[in-house]
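Have a look at the structure below before the remarks.
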């Protein structure tokens, strides 16, 4: 019975990792659609949101069934609870990717301008945090999870710099203001993606160490 239960836990883990791959792909596509002003790529991101939502429901259903049918030991219980939390964060990251894609229609109608922000670099950093947080989950590696948590300060700093630069553009260049505002919103969205990656890392630590590190000083 225990062997079968652990096989079910592995299946649950595989489902979540599959969802994470789709979410990561959507974030990458969303950033590229914005940078390249590619409406077709943006539409693909919006279409993928439906599949991500379906995956979230399926994972939650499976996790709840395991909780109802089994009496998991402490570490297995923490694993299932961590999966459900991570599942929610991944779905929200998928929503953020769609939010970026939805900005495209407004961007497409406005003239292109050079802005003092590197959206591509912000996207790379946010995706790196997401990838490493899911690697930490896959490996049960709480030390790697701590590394991800430490990366949050860097993207926060990049976002603050972007906010300062773009706010100046909005105030001084009226013709560029709509594009600068859109870039500011996308920057905030990518900052939120990084926050969700940090949440995932915290859940890995909760699973492995029974230590709830949410809302610690690094997030203040």
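Taken together, the values in this text are just the output of simple stated rules run on the coordinates, not laboratory data. As the structure is a computational prediction, the values presented were derived from the model and not from experiment. All Cβ positions, even for glycine, are placed from backbone atoms using ideal geometry, and neighbour counts span all protein chains on display.
Based on the mean of other Cβ atoms within 10 Å per residue, sort peptides 134-142, 157-165, 194-202, 107-115 so the most packed one is first. It would help to have the intermediate numbers written out before the result.
On the way: 134-142: 18.7, 157-165: 15.9, 194-202: 25.1, 107-115: 12.3.
For the peptides 134-142, 157-165, 194-202, 107-115, the packing ranking is 194-202, 134-142, 157-165, 107-115.
What number, rounded to the nearest 500 deg cm²/dmol, is the helix-based mean residue ellipticity at 222 nm of the chain, given -39500 (n - 2.57) per DSSP H run of at least four residues and division by all its residues? Spell out each step's value before the answer.
Working: 6 runs with 187 residues, N = 220.
Result for the chain, helices only: -31000 deg cm²/dmol.
In degrees between 0 and 90, to the nearest 10, how far off the longest principal axis of the chain does helix 2-36 point, with axes built from Cα atoms?
0 degrees
For segment 1-117, take N as its residue count and report Rg(C-alpha) divided by 2.2 N^0.38 Å.
On the way: Rg = 18.3 Å, N = 117, 2.2 N^0.38 = 13.4 Å.
Rg over 2.2 N^0.38 Å, computed on Cα atoms: 1.36.
If I fit a long axis through the Cα atoms of helix 39-69 and take the longest principal axis of the Cα atoms of the chain, what angle between them do I get, 0 to 90°, rounded to 10?
20 degrees
Could you tell me the calculated FRET efficiency between residue 40 and residue 161, based on Cβ-Cβ distance and R0 = 35 angstrom, to the nearest 0.05?
Values: r = 31 Å, r/R0 = 0.90.
With R0 = 35 Å, the Cβ-Cβ based efficiency is 0.65.
Note the full-extension length gain between residue 124 and residue 211 as 0.36 nm times their separation in residues minus their Cα-Cα distance, in nm to one decimal. Present the calculation step by step, with values, prior to reporting the outcome.
Numbers: separation 87, 0.36 × 87 = 31.32 nm, distance 2.93 nm.
Answer, rounded to one decimal: 28.4 nm.
Restricting things to alpha carbons, find the Rg to Rh ratio for segment 2-219 using the Kirkwood radius for Rh.
On the way: Rg = 18.9 Å, Rh = 18.2 Å.
A ratio of 1.04.
For a protection proxy built on the mean count of beta-carbon atoms within 10 angstrom, sort 172-181, 17-26 highest first, please. If you can, show how the numbers build up before the last one.
Working: 172-181: 15.4, 17-26: 19.1.
My ranking of the peptides, most packed first, is 17-26, 172-181.
I'd like the FRET efficiency for residue 175 and residue 139, computed as 1/(1 + (r/R0)^6) with the beta carbon distance as r and R0 of 45 Å, rounded to 0.05. Before the final figure, lay out each step's value.
Details: r = 50 Å, r/R0 = 1.11.
FRET efficiency, residue 175 to residue 139: 0.35.
In segment 128-220, what is the volume of the convex hull around the alpha carbon atoms, normalised per residue and reported in Å³? Each step should come with its number before you reach the end.
Working: hull volume 7.2 nm³, N = 93.
Per residue, the Cα convex hull of segment 128-220 comes to 77 Å³.
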